[in-house]
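Heads up, the thing below is written out as structure tokens.
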Amino acid sequence: MADFLTDEKPADRALLIGIQTPDMPPGEGAELLAELRELVENLGLTVTRTVLVNLRHPQPKFLLGTGKAAELIELAKADDAQLIVVDDDLTPGQQTNWEETSGLAVIDRQEVILEVFADRAQTREAVLQVALARMEYSLPRLTRAWTHLSRQRGKGALGGEGETQLEQDRRIVRDRIVHLKAELANVVQQREVQRRKRMRVPVPTAAIVGYTNAGKSSLVNRLTGARVYADDKLFATLDPTTRQLRLPDDRRLLVTDTVGFIRRLPHRLVQAFKATLEEVVVADFLIHVLDATNPNVEKHRVTTLVVLGELGAADQPILTAFNKVDIAAPQTLALLRARHPDALFLSAKTGEGLDNLLHHCADLAADGFQAAELLIPHHRHDLVSRLHTLGHVREQANRDDGVLLKGRFPIASAALYTPYLVHRHSH
């Protein structure tokens, strides 16, 4: 359970404040508040109540009006809540004003998501990325008290007692940020070396993307027989996991599971996780998984596409796949099919629609290949073996003048086999 307060009284009861502004579509504030509740409950906290506030104009002191803030503080105290969570971004000054006025811990949506990410991070890279994001978030908020940083459970030896002088605090945090960035650069470099090794054998790659909790990890498990961690909660997977599968034409495909997207994802997390999400940018194509049972599925689709745009991956070929059709209402599926005639519909749980998905993957993977007939000299059996690895050999025949291969071979490796080309097909 996350501990936002001092050790004397852990924060286990929280009052949540949602915001609806005139420029938001009707009902969006309530939807985001429901999502915030799930995020907070994922941290093991008890939500005492949720309050949706209609906000015409942001106010400098509390974001909300002074009277409304006082009213909500009284509600929190009446509920014996130790934590107030505001479903918007608070400035460091606003956060301080809330805490000094209420005597309670007050955090915003950004900090909740940072805490959830900290709980989920497993690999060294994810731990470092989350720690860096938390340090950068906390730096302008040090006037709240150093205890706020020391009580965070940021995995990676980030704890420690605070110093009393603000400048010393800032220096310590800045030094840690520099250290974390250096460590992260080393980890990213190591992963880049691993990726380059993979790319020596140009196997097509696909990245599975989508809103958090859409069933991406379950789909990877179903397709590859892997045991990627999958759970019915937000951000169950933070670390990219790459697995291999065989396509219907017997070629290999590398599939990478990625962190789920969410509305109002803190920008510093988009930046911090750029290295992880590079798998999305370098993939040959994307599989965008959507939860067909979620009433906000259209908004989730847009959110994911917006984040892909921020990552520079908006132009990647995308297969749109609606998951959980085994439990979706028939009328919902009919509506989704009408809105998205090119989308695929499947169930990672039952396997329904997966054959169709794999055939579409094979078509997209084939875009980087060309059909060809090759005649390889007998003394180049090493090349015959390599072409079996690189491409899809449909037919092989031993002839007096060499080994005849017919199949599809990667265009990126054309220099290897062009000297032995007998015939190149247009399709």
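The values are calculated or read from the model by the stated rules, or taken from the named source; none is laboratory data. None of the values given here were measured: they were computed from a predicted structure. We place every Cβ from the backbone using ideal geometry, glycine too, and count neighbours over all the protein chains shown.
Among the residues of the range 330-383, those identified as of a type in the set (D, E, K, R), outside any strand (DSSP E or B) and closer than 30 Å to Pro410 by Cα are Asp342, Asp355, Asp363, Asp367, Arg380, Asp382.
Among the helices (runs of 4 or more DSSP H) confined to the range 25-124, the ones with at least 1 residues that are aliphatic (A, V, I, L, M) and either surrounded by fewer than 17 Cβ atoms within 10 Å (Cβ to Cβ) or not assigned by TED's automatic domain parsing to the domain that holds Arg191 (or both) are located at 28-42, 66-78, 109-120. Across the range 29-62, the number of residues qualifying as touching a strand residue (DSSP E or B) at 6+ places or on another chain (Cβ under 7 Å) and touching a residue at least 12 places away in the same chain (Cβ under 8 Å) comes to 18.
In the range 390-406, the residues that are under 30 Å from Leu254 (Cα atoms) form Cβ pairs under 7 Å with partners that are assigned to a loop (DSSP other than H, G, I, E, B), at six or more places apart or across chains, as follows: Leu390/Val201; Leu390/Pro202; His392/Asp249; His392/Asp250; His392/Arg251.
For the range 175-185, state whether one or more residues are part of a helix (DSSP H, G or I), outside the structural domain of Arg252 (by TED's automatic domain parsing), modelled with pLDDT under 90 and more than 30 Å from Leu33 (Cα to Cα). Taking every residue of the range 175-185 in turn, at least one turns out to be part of a helix (DSSP H, G or I), outside the structural domain of Arg252 (by TED's automatic domain parsing), modelled with pLDDT under 90 and more than 30 Å from Leu33 (Cα to Cα). Could you check, for the range 302-324, whether at least one of its residues is part of a strand (DSSP E or B), of a type in the set (Ser, Thr, Tyr) and at negative phi? Yes, some residue in the range 302-324 is part of a strand (DSSP E or B), of a type in the set (Ser, Thr, Tyr) and at negative phi.
Taking first residues from the range 97-110 that are under 17 Å from Val40 (Cβ atoms) and partners that are of a type in the set (Phe, Trp, Tyr) and modelled with pLDDT of 95 or more, the Cβ contacts under 7 Å between residues at least 6 apart in sequence or on separate chains come to Trp98/Phe62; Val106/Trp98.
Here Gly312, Gly351 are screened, and the one residue that is small (Gly, Ala, Ser), within 19 Å of Leu219 (Cα to Cα), surrounded by fewer than 18 Cβ atoms within 10 Å (Cβ to Cβ) and modelled with pLDDT under 95 is Gly351. Screening Leu286, Leu333 for residues that are in contact (Cβ under 8 Å) with a residue 12 or more places away in the chain and under 16 Å from Val259 (Cα atoms) leaves exactly one candidate, Leu286. In the range 257-276, the qualifying residues are those that are more than 21 Å from Leu33 (Cα to Cα) and buried (at least 22 other Cβ atoms within 10 Å of the Cβ), and the one that is modelled with the highest pLDDT is Asp257. Would it be correct to say that Thr123 is over 30 Å from Val187 (Cβ atoms), of a type outside the set (A, V, I, L, M) and touching an Asp or Glu at 6+ places or on another chain (Cβ under 6 Å)? Taking the combined requirement at face value, the residue does not satisfy it.
What do you reckon, is Ala366 modelled with pLDDT of 95 or more and small (Gly, Ala, Ser)? Against the criterion (modelled with pLDDT of 95 or more and small (Gly, Ala, Ser)), Ala366 does not qualify.
Okay, residues lined up against (1) buried (at least 19 other Cβ atoms within 10 Å of the Cβ); (2) assigned to a strand (DSSP E or B); (3) modelled with pLDDT of 90 or more; (4) among the polar types (S, T, N, Q):
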position: Glu161; (1), (2), (3), (4): no, no, no, no
position: Thr164; (1), (2), (3), (4): no, no, no, yes
position: Glu167; (1), (2), (3), (4): no, no, no, no
position: Arg170; (1), (2), (3), (4): no, no, no, no
position: Gln189; (1), (2), (3), (4): no, no, no, yes
position: Glu192; (1), (2), (3), (4): no, no, no, no
position: Ala206; (1), (2), (3), (4): yes, yes, yes, no
